[in-house]
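Trainee: Quick one: this structure, given as structure tokens, is what I'll be asking you about.
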Ligand SMILES: *Cc1c(COP(=O)(O)O)cnc(C)c1O
């Protein structure tokens, strides 16, 4: 039976080399990395080596990397940690009634791992500005400049968007934040392993990474914290991770993450070339075979593996279910919440009209995809779309 995976922005298969690297840390080297005996010291050494690999990939120092349970925790740590530590900035020391405890700038197309901590902080009295984006999903530098006030403590803007792949002008935003002395965080979960990600060049103070989006294991990630950045730990306990994140280290996960990032640094360029060709072959094929479709996201400035397409007059969910029946795994631009079809907040922010947004499908390719995979999708998808459109009262062939 055909099984084609085109949902790599949701998660990736674990690379066999990663699994191989992890296994000894379950079977033999199971010591607690904080223990002083040999079992512990071997685990410690593995954690240190993985930390160096992650650091070197983003041009950081090992001591600037804190391992977390994934991208979500890294985002929460960055946002809440900075908010809690810096809430008094900008407050008039004589005006005790001043309720403004700090201002955060983010965008309206962030992952929920960023948006929901921001919403939570709003409930706690912080002010948050959610910046708009243009039709391609790009934030405007002038908007950021305008949004900055004396109480602004944090700017958090993602490097690459998970739904449409659009790449944000992080370097320039970072420059602006630096000039104004504002801490700058980027969620780089979707760009690590796909684009060059150098913390120094991007001018960021904080950067989130995740293992399972780069062919590593699930449940491991990291937050890069530039030396000197004022941030409070969220998880308290022992003295792990230089007192920044307590808890016995996930040694196998950390080892796997280190191996995955090492493989990414070796293979990225070559893989990207192949993946971009397959993605563009898919888009060109769809354009030839199916009318009334539109590409969502920036035509060029987007991650090499991501293709978000709206098929007008029909529901993305129906396309996904039908593709799944044919063995093809893709994902929707819209999240199905409590039985209601809710449009994607990303497409909405880009100004895609709600009906068109409902018909969106995200194809996200990966290193194991082949020409045959794309040929197969181009063979089955046009029939699915025309069948669904025949049932749609809205459809008029133009
Ligand atoms: C997947 C993802 C996350 C969450 O990472 P987890 O490791 O799954 O918690 C955060 N941000 C973006 C952009 C993502 O794509």
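Trainee: Would you call residue 101 under 30 Å from residue 158 (Cβ atoms), modelled with pLDDT of 95 or more and surrounded by fewer than 22 Cβ atoms within 10 Å (Cβ to Cβ)?
Mentor: No, not satisfied.
Trainee: Is segment 1-17 home to any residue that is modelled with pLDDT of 95 or more, in a helix (DSSP H, G or I) and closer than 30 Å to residue 328 by Cα?
Mentor: Taking segment 1-17 as the starting set, the residues that turn out to be modelled with pLDDT of 95 or more are 3-17.
If we keep only those that are in a helix (DSSP H, G or I) as well, we get 16-17.
Applying the additional criterion that residues be closer than 30 Å to residue 328 by Cα yields 16-17.
Yes, that holds for at least one residue.
Trainee: Within segment 204-226, does at least one residue satisfy the condition of being farther than 24 Å from residue 80 by Cα, crowded, with 24+ Cβ neighbours inside 10 Å, in the same structural domain as residue 84 (by TED's automatic domain parsing) and more than 19 Å from the chain's Cα centre (by Cα)?
Mentor: No: zero hits.
Trainee: Would segment 241-248 turn up any residue that is in a loop (DSSP other than H, G, I, E, B), within 16 Å of the ligand (Cβ to nearest atom) and either crowded, with 17+ Cβ neighbours inside 10 Å or modelled with pLDDT under 95 (or both)?
Mentor: Checking segment 241-248: at least one residue is in a loop (DSSP other than H, G, I, E, B), within 16 Å of the ligand (Cβ to nearest atom) and either crowded, with 17+ Cβ neighbours inside 10 Å or modelled with pLDDT under 95 (or both).
Trainee: So, one more: Do we have any residue at all in segment 30-38 that's within 16 Å of the ligand (Cβ to nearest atom) and out of contact with any strand residue (DSSP E or B) (no Cβ under 8 Å at 6 or more places or on another chain)?
Mentor: No; the residues of segment 30-38 include none that is within 16 Å of the ligand (Cβ to nearest atom) and out of contact with any strand residue (DSSP E or B) (no Cβ under 8 Å at 6 or more places or on another chain).
Trainee: Report yes if residue 69 is under 30 Å from residue 295 (Cβ atoms), within 15 Å of the ligand (Cβ to nearest atom), modelled with pLDDT of 95 or more and surrounded by fewer than 24 Cβ atoms within 10 Å (Cβ to Cβ), otherwise no.
Mentor: The answer is no for residue 69.
Trainee: So how many residues does segment 178-197 have that are buried (at least 24 other Cβ atoms within 10 Å of the Cβ) and either away from the ligand (no atom under 13 Å from the Cβ) or modelled with pLDDT under 95 (or both)?
Mentor: 2
Trainee: Counting only residues that are within 20 Å of residue 290 (Cα to Cα) and outside any helix (DSSP H, G or I), which one in segment 319-352 is modelled with the lowest pLDDT?
Mentor: So, considering only residues that are within 20 Å of residue 290 (Cα to Cα) and outside any helix (DSSP H, G or I), the one modelled with the lowest pLDDT is 333.
Trainee: Something else: Tally time: how many residues in segment 230-270 are closer than 14 Å to residue 44 by Cβ and touching a strand residue (DSSP E or B) at 6+ places or on another chain (Cβ under 8 Å)?
Mentor: Number of matching residues: 5.
Trainee: If the requirement is being out of contact with any strand residue (DSSP E or B) (no Cβ under 7 Å at 6 or more places or on another chain) and outside any helix (DSSP H, G or I), which of these qualifies: 163, 201?
Mentor: Numbers: 163 fails: out of contact with any strand residue (DSSP E or B) (no Cβ under 7 Å at 6 or more places or on another chain).
Residue meeting the stated conditions: 201.
Trainee: Are any residues in segment 204-214 away from the ligand (no atom under 13 Å from the Cβ) and assigned to a loop (DSSP other than H, G, I, E, B), and if so, which ones?
Mentor: Kept after step one, since they are away from the ligand (no atom under 13 Å from the Cβ), are these residues of segment 204-214: 204-206.
Result: 204, 205.
Trainee: Do we have residue 319 as within 30 Å of residue 22 (Cα to Cα), touching a strand residue (DSSP E or B) at 6+ places or on another chain (Cβ under 7 Å), touching a residue at least 40 places away in the same chain (Cβ under 8 Å) and away from the ligand (no atom under 16 Å from the Cβ) here? Walk me through how you get there before you give the answer.
Mentor: Numbers: within 30 Å of residue 22 (Cα to Cα): no; touching a strand residue (DSSP E or B) at 6+ places or on another chain (Cβ under 7 Å): yes; touching a residue at least 40 places away in the same chain (Cβ under 8 Å): yes; away from the ligand (no atom under 16 Å from the Cβ): yes.
No; evaluated as a whole, the condition is false for this residue.
Trainee: Also, quick follow-up: Given the criterion at positive phi and under 24 Å from the mean Cα position of the chain (by Cα), identify the matching residue among 359, 351. I'd like the intermediate steps shown before the answer.
Mentor: Details: 359 fails: at positive phi.
Residue meeting the stated conditions: 351.
The values are calculated or read from the model by the stated rules, or taken from the named source; none is laboratory data. Predicted, not measured: the structure shown is a model, and the values here were computed from it. Note that each Cβ is placed from the backbone with ideal geometry, even for glycine, and that neighbours are counted across all protein chains shown.
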